[in-house]
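The values are calculated or read from the model by the stated rules, or taken from the named source; none is laboratory data. Since we're looking at a predicted model, the values are computed, not measured. Note that each Cβ is placed from the backbone with ideal geometry, even for glycine, and that neighbours are counted across all protein chains shown.
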Amino acid sequence: MAQKEEVVASTTVDEPKAAASSTISVPDPNLKQTILSTLGLATTAELTQTDMDKLTNLTLNSVDIYSLVGLEHATNLSSIYINVNNKITDFTPLESLTKLTFVTLQTSSLTSDNFPNLTASQGLTNFSIGGTSVDNSVLAKIVNLKALVRLYMDSNMNITTIEPLKVLPNLKSLSVQFCGITDFTVIKDFPIMSNLAAFGQNTGRNDPPTTVTRSSLKYNEDEQSVYIPFSIMPNRMTNFDGYIPSFSTSNSASNTYFDFNGTQLPASRLQIDDNGITINSVSPEEYQGIKSFEYNARLNNPAGTYEVPDGYTFYAISSGTYLHQFDVVDDGAPVTVKYQDENGQELAPSELLNGYVGATYNSKELSFQGYSLIKVDGDATGKFTDSPQTVTYIYQKNAKLLGQVTVKYIDTDGKVLFGDVIQTGNIGETYHTEKKALTGYTFKNIIGNASG
């Protein structure tokens, strides 16, 4: 018997809309007065749904606004402009709106956590969140706004990448001035972007300190100077073509900041060229006492010194600053790794591992034909110390295993025509057999491999 299909009634339930004459509650008095003023209504009037239906554009410039409740009834709102820091922390009233095309939420109260889901407005093309408190995690929400043509995110120093935005199919213009972005090689993956404003990046503010060894500071005891090559500076800004702008060579405090252990050094002690910075008047005692240093400098990349990608009507990555902190640790004594047989004969040249005190080292086992590892003297993995260490891998030669091949000479009836020939040898070695000429017989065939 066929299973009976259940018949059910179904309906589509829309969000209820207030009656045209019903009063709309707007708890925030500053928001209410702004709406009344925008609509040309008396300050004492009550807002109705009919009024809210007429609201298409709204500018909120009061620092005292704390709530957007009531705006969910502005079903025809196409643009909202907030360009002042206020007290709003809940932006969800905007989420039910479907006709937004221009949105500006420039307030420090906007974070990645309270960032609203604006996907209901499928025609949202222009979006601005400059000067907020968002970080990189907000990008996962922005990429859902597929209609975006222009995105403005200036003055968000916790934005350090634009890579996730490459999936926006209609994005033509991106403004990320005064953020913390380093990698612009990713713009080649943006499908139609032709305008990038990325002036004044301030990079490195969120990067953890880099640990370096004292010897990497290149101390010259005769001249009492320390040279720090710029090659050790990580995570530098990189143009779309891989070009890395140089740092300022000016030692003035307004262009270059440098400190040892948190104390800024005077400009008179700094000499800077394109390859590194030399700190003068460094006594042996000061050198040995360096536990950390910080480098903060302007980039030397004015417009015209870097390439512009083809097809761009505007492209700027000029100016900007770089900041990075370093922790200085003492060099560890080397770890010598040896490979030898049980008689102490070397099977491979020794390897020397280097690192700073406290860093982890990992030695490697090697393979040698005909040998098997039998033990390791010392710690195969450990930490560098101020004392030399040795790790010795000891191998034993494998015992030779003999193989045997028996060669028989018989006729088609199995009768032995010649005595068996037995060959022995090490497994893996080659053997060869020979065909014999026997009087009265003609060779027919071989069963097995004549050589192997």
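Data for the structure
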read-out: Members of segment 395-427 found to be under 30 Å from Glu346 (Cα atoms) and of a type in the set (Lys, Arg), listed by number; value: Lys397, Lys400
read-out: Answer from Val329, Val357, Val308 - the residue that is under 30 Å from Ile181 (Cα atoms) and at pLDDT below 95; value: Val329
read-out: Among the candidates Lys435, Lys408, residue that is more than 30 Å from Gln369 (Cβ to Cβ), touching an Asp or Glu at 6+ places or on another chain (Cβ under 6 Å) and not assigned by TED's automatic domain parsing to the domain that holds Leu366; value: Lys408
read-out: Selection from segment 233-252 of residues that are surrounded by 14 or more Cβ atoms within 10 Å (Cβ to Cβ), in contact (Cβ under 8 Å) with a residue 60 or more places away in the chain and of a type outside the set (Ser, Thr, Tyr); value: Met233, Asn235, Arg236, Met237, Asn239, Phe240, Pro245, Phe247
read-out: Residue list for segment 113-130, filter: small (Gly, Ala, Ser), in contact with an Asp or Glu (Cβ under 9 Å, 6 or more places away or on another chain) and either at pLDDT below 95 or surrounded by fewer than 17 Cβ atoms within 10 Å (Cβ to Cβ) (or both); value: Ala120
read-out: Matching residues, segment 37-71, being more than 38 Å from the chain's Cα centre (by Cα) and not in a loop (DSSP other than H, G, I, E, B); value: Ser37, Thr38, Leu39, Thr48, Gln49, Thr50, Asp51, Met52, Asp53, Asn57, Leu58, Leu71
read-out: Sole residue being in contact (Cβ under 8 Å) with a residue 60 or more places away in the chain, out of contact with any helix residue (DSSP H, G or I) (no Cβ under 9 Å at 6 or more places or on another chain), over 30 Å from Lys444 (Cα atoms) and charged (D, E, K, R), chosen from Asp341, Asp331, Asp386, Asp327; value: Asp327
read-out: Sole exception among (1) of a type outside the set (S, T, N, Q); (2) in a loop (DSSP other than H, G, I, E, B); (3) without any contact (Cβ under 8 Å) to a residue 60 or more places away in the chain for Leu174, by number; value: (2)
read-out: Counted residues, segment 131-148 - those being crowded, with 17+ Cβ neighbours inside 10 Å, aliphatic (A, V, I, L, M) and in a loop (DSSP other than H, G, I, E, B); value: 4
read-out: Qualifying residues in segment 155-171 (those that are outside any helix (DSSP H, G or I) and without any contact (Cβ under 8 Å) to a residue 40 or more places away in the chain) - the one surrounded by the most Cβ atoms within 10 Å (Cβ to Cβ); value: Leu171
read-out: Residue match in segment 206-220 (condition: on the phi < 0 side of the Ramachandran plot, part of a loop (DSSP other than H, G, I, E, B), more than 18 Å from the chain's Cα centre (by Cα) and in contact (Cβ under 8 Å) with a residue 24 or more places away in the chain); value: no
